[in-house]
Structures are given as structure tokens and as C-alpha cells.
Amino acid sequence: YISKTKYPTDYGSAAGNAAARAIVALQTQHRHNIPIEELQYILEPNGQELLTHGTINIYGQLDNGLVVQKSVFKVESQLPIASFTPSYFNKAGLQYASQYTKRIDFTEHDAYGNLLGYQKPHDIEQSFYWGYKYQLPIMGVANANPSEIAYSSFEKEDESGWSFNGKKTYTKGKIGYF
């Protein structure tokens, strides 16, 4: 097998679409070790490379400039593919082969880059809540968008997801009641 990986510096500096702008941002931020496209080939005796597997990671930028992964596409074929064009930049931005199929969308991130939700094709959405100063995931929710979640009792200062119209009242013990 032959493995080939393309990194941000393997692309030019075209602006184009959001995916291309994110790759250019990775270049500017000197984050050169993040794989964009990973390809596996078998080598025929005549020297021809035939693709067996491929993965392309699509990135985007948050409003604060942080680059986050937005989706993953894969090529998986029972038979090796003789005609395959690796990803490249043109005036429209990042371009990649039509043989790729979407495997996952990372639907939302917080300002720290933490993943708040993802969804696989034809599957339910999964969402997350981060605590401990946004460093650890402390809750996962199936079949809900992050904006549809309300929760309490995580001892966080922002009452996350609830709106209060009155004074907070606490009773004895460790559990608070509103």
C-alpha cells in the first residue's frame, strides 16, 4: 500500500469557499500538521496507483477565527479506483472528488472549539454540554439540537437553557429548587 496525506501547506492560498478559507487560516496560524486528505493506494506491477480508501476532512472557521472540523467524507470501494483526482484549490475554493460520500457533520461548536453537536447521514443528532470551565464534556443528549436542550443542577453560573422570571430560592441540602 501507498499512503498519501495532504496538509494545509500542500494547498495554495485561494480564498474561494469556506473550506478553502479555513485551510488558508490553518496555514496562517502555522497549524501545518492537520490532515486535510488521506489516501491509500495499491501499486500495480505496471506502476499505476489504484485508490482503495480516501478521507477528506472539511474545516470551517468560527466567528472568533478558530478553525474547527465541520465534516468528514470518505471513499470506500470494494474495487480499487483507477481514475481519482485528489483535492485541490481553484478559484471557487477547495474541490474534491465526486466519489466521496459524507460520513459525519459536526453541526455546532462553542467559542472554544468544543463540539456541541454532530449528525451522521440518516441518523439522529447527538449533542454535548461542556463543563469544568469548558474543558470536559459532562452531558450527551441524543436526538436533540444543542439549542433544544435545557438543563440544571450542573452547578454552573449561567443557568444554561432555562429562563428565570423570579428570585432563586434554595432549600436545605445540596439540591437547589427554583
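The values are calculated or read from the model by the stated rules, or taken from the named source; none is laboratory data. This one's a predicted model, so the numbers in the text were calculated from it and none came from an experiment. Cβ: placed from backbone, ideal geometry, glycine included. Neighbour counts: every protein chain shown. Note: areas computed on protein heavy atoms with side chains; ligands, DNA, RNA excluded. Shrake-Rupley method; radii C 1.70, N 1.55, O 1.52, S 1.80 Å.
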Fill in: Cross-chain or 6+ apart pairs with Cβ under 8 Å, region 1-21 first and in contact (Cβ under 8 Å) with a residue 12 or more places away in the chain and of a type in the set (A, V, I, L, M), then in a helix (DSSP H, G or I) and open to solvent by 60 Å² or more (accessible area, probe 1.4 Å)
Ala15/Arg21
Discussion item. For region 139-170, give me the residue count where each residue is open to solvent by 50 Å² or more (accessible area, probe 1.4 Å), at pLDDT 90 or above and not in a loop (DSSP other than H, G, I, E, B).
Written reply: 2
Worksheet entry | Residues of region 12-37 that turn out to be more than 22 Å from Thr107 (Cα to Cα) and open to solvent by 70 Å² or more (accessible area, probe 1.4 Å), as a count | 7
Fill in: Qualifying positions in region 38-57 - without any contact (Cβ under 8 Å) to a residue 24 or more places away in the chain and open to solvent by less than 30 Å² (accessible area, probe 1.4 Å)
Thr55, Asn57
Worksheet, complete the sentence: If we take region 20-125, then strands (runs of 3 or more DSSP E) inside it with 3 or more residues that are farther than 25 Å from Ala142 by Cα are 37-43, 49-61, 67-81, 88-90, 93-95
Fill in: Where Thr5 falls short, out of the listed (1) β-branched (Val, Ile, Thr); (2) over 13 Å from Gln95 (Cα atoms); (3) in contact with a Lys or Arg (Cβ under 7 Å, 6 or more places away or on another chain)
(3)
Response to the item:
Result of the Cβ filter at 6 Å on region 71-90, keeping first residues that are touching a residue at least 60 places away in the same chain (Cβ under 8 Å) and under 15 Å from His53 (Cβ atoms) and partners that are part of a strand (DSSP E or B) and among the hydrophobic types (A, V, I, L, M, F, W, C), at least 6 apart or interchain, is Ser87/Ile56
